[in-house]
Structures are given as C-alpha cells and as structure tokens.
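Everything below concerns the one structure shown next.
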Amino acid sequence: MKLLEIKNLTKNFGGLKAVNSMNLSIEKGKILGLIGPNGAGKSTVFNCVAGVYPPSSGQIMFKDENISGQSPWDICKKRIGRTFQLVKPFGQRTVLYNVMVGSFLRTISPSEARDRSIEVLRKLHLYDKKDLLTKNLTIADRKRLELARALATEPELLLLDEVMAGLRPTEVEEMIDIIQEIRAGGVTVFVIEHIIKAVMALSDWIVVINFGEKIAEGTPDEVSRDENVIKAYLGEDYVVT
C-alpha cells in the first residue's frame, strides 16, 4: 500500500525551479531515503509534503487524499510528523516540556500528554534527562529530542531531515538503531541524510535527485552502482563491490 505518493511535483521560486516534475512513493512500513548534493531540492520536497511550501504544480497524496497546499498544522494532524535540520528547542524549558508540546496535538489532558511524552523519552533513551533544561543538552541529545518531539505527535509518516548531521560515528550507529526501532513500531520513514553509509544501511529504497530532478532510484545496492549517481554525488568511494 502506498502511504505517500508524490505526482509530478514542481516548486518554483520566481525563476528558479527548485523541484521539477518529481515522482516518488513510499510503501507503508518502509524507509525511503532521499539523497543528492547540497541544493538539489531535497528539503524543498520535504517542505512541500509538510505544508511549508505549496506546490507550484503536481499532487501530494497521503493515504489517497490530496494534501497539496494544506497548512503544516493540518498535515501534522493527519499524522505526518517531521524533524528539522536546525534544531530549535525551547532552551529555557525542560526536555519533558519540549516533548509535551508535541503531545498536546492529540490530547488536551496534561496527564495524558505527560504519560505519552515519558513513553517517547524512554524509547529514545532520554528519560533520565527529562528534567534538564534543553540548553544544556549535547548535540546528540538535541537531535534525539527533535526526534522525540516529532514522535510525540503520533505520526504514521515521519520525515527526518538530517537527524544524524554533526554526530560522531558511535552516535550515528545509535541513531540508526533508534530509527529502525521506530519503523518496527509501525511508523513509515522518509529520510534525508548526507551520511551515505547510514542512509544506505537504513533505506529499503532510495531516490536520488540533482538540480531538482530525479536522476535515479532503486535499492541501496542498485543506486550505489548507478553511474549517474556516482558522478553526481556518491563518488567512487561508495561503490558497492
């Protein structure tokens, strides 16, 4: 079953065509990786799906409903959650408070929001830091908090925008495990990531874009062998042998 389907998505900013006739789909329960050079249009695709930008043309279908141009809050209510590449938590508030903000999308009860938030924090190994001010967190913990805030909205589809950027290798491995656990819990994942070994390890299917257009798609093995992808982005070091 296709949970998300993007049909001929185009997004223009004045004379700049940031995304051009993009087509892709994500099967329910899968992890789709979206990769490409800086400026390729990856975040623009995410922002169109999440409602930040209305498409110039094309359709974004979620569970067979056209959500193109709907507001970010309405799209979140439809169970599409997202993280942001630049994390901006409420620094003067606790970790638990930050996650509860997301939980209030589904309940008006403070006790229910707290219980749901604590459950999420346990899954992301942040429970012992629930009472810390977020300004005192490490980069790795801020990334986990960003993920926790998105999970607290109870998404069916989770958009992850470079959640591993800036992490050390051991922290990347931990984040890979967390994302796999999230998928095992029934959440479909759409991920942008520049750490190629991580996105190759995570993804069931990968779409590669360059200058706003799709240049390849396939399994990680297929994509890593594609000459166009190697030339445009991966380089010879990432060729699977």
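The values are calculated or read from the model by the stated rules, or taken from the named source; none is laboratory data. Please read these numbers as outputs of a predicted model, since none were measured by experiment. When we count neighbours, we look across all protein chains shown, and the Cβ atoms used for this are built from the backbone with ideal geometry, even at glycine.
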Notebook entry, point to check: Since Phe84 meets every condition but one in (1) crowded, with 21+ Cβ neighbours inside 10 Å; (2) under 18 Å from the mean Cα position of the chain (by Cα); (3) closer than 30 Å to Ala140 by Cα, which condition does it not meet?
Noted result: (1)
Check: Does region 63-76 include one or more residues that are surrounded by fewer than 17 Cβ atoms within 10 Å (Cβ to Cβ) and of a type in the set (Val, Ile, Thr)?
Finding: no
Check: Taking the stated definitions as given, is Val187 at pLDDT 95 or above and either under 18 Å from the mean Cα position of the chain (by Cα) or surrounded by 20 or more Cβ atoms within 10 Å (Cβ to Cβ) (or both)?
Finding: yes
Margin query: Quick test of your reading of the structure: Arg106 fulfils all but one of (1) closer than 27 Å to Gly212 by Cβ; (2) more than 15 Å from the chain's Cα centre (by Cα). Name the failing condition by number.
Written below: (1)
Next item on the list: Could you look through region 203-219, keep only residues that are under 21 Å from Ile179 (Cα atoms) and either over 18 Å from the mean Cα position of the chain (by Cα) or among the aromatic types (Phe, Trp, Tyr) (or both), and pick out the one that is surrounded by the fewest Cβ atoms within 10 Å (Cβ to Cβ)?
Entry: Thr219
Item checked: The listed residue being of a type in the set (Lys, Arg) and modelled with pLDDT under 95, out of Lys143, Lys129, Lys78 -> Lys143
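Conditions (1) closer than 30 Å to Lys130 by Cβ; (2) of a type in the set (Asp, Glu), marked per residue:
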residue: Ser25; (1), (2): no, no
residue: Pro37; (1), (2): no, no
residue: Phe46; (1), (2): yes, no
residue: Trp73; (1), (2): yes, no
residue: Lys77; (1), (2): yes, no
residue: Ile80; (1), (2): yes, no
residue: Gly91; (1), (2): yes, no
residue: Asp115; (1), (2): yes, yes
Checklist line | Answer residue from region 149-178, given it is buried (at least 17 other Cβ atoms within 10 Å of the Cβ), out of contact with any Lys or Arg (no Cβ under 6 Å at 6 or more places or on another chain) and over 21 Å from Thr134 (Cβ atoms) and is modelled with the highest pLDDT among those | finding: Leu157
Check: Taking into account only those residues within region 125-148 that are aliphatic (A, V, I, L, M) and within 20 Å of Lys197 (Cβ to Cβ), which is surrounded by the fewest Cβ atoms within 10 Å (Cβ to Cβ)?
Finding: Ile139
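Conditions (1) in contact with a strand residue (DSSP E or B) (Cβ under 8 Å, 6 or more places away or on another chain); (2) closer than 12 Å to Leu157 by Cβ, marked per residue:
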{"position": "Leu4", "(1), (2)": "yes, yes"}
{"position": "Asn8", "(1), (2)": "yes, no"}
{"position": "Asn12", "(1), (2)": "yes, no"}
{"position": "Gly33", "(1), (2)": "yes, no"}
{"position": "Gly39", "(1), (2)": "no, no"}
{"position": "Lys42", "(1), (2)": "yes, no"}
{"position": "Tyr53", "(1), (2)": "yes, no"}
{"position": "Ser56", "(1), (2)": "yes, no"}
{"position": "Glu65", "(1), (2)": "no, no"}
Checklist line | The one condition in (1) of a type in the set (A, V, I, L, M, F, W, C); (2) part of a helix (DSSP H, G or I); (3) at pLDDT 85 or above that Ala232 fails to fulfil | finding: (3)
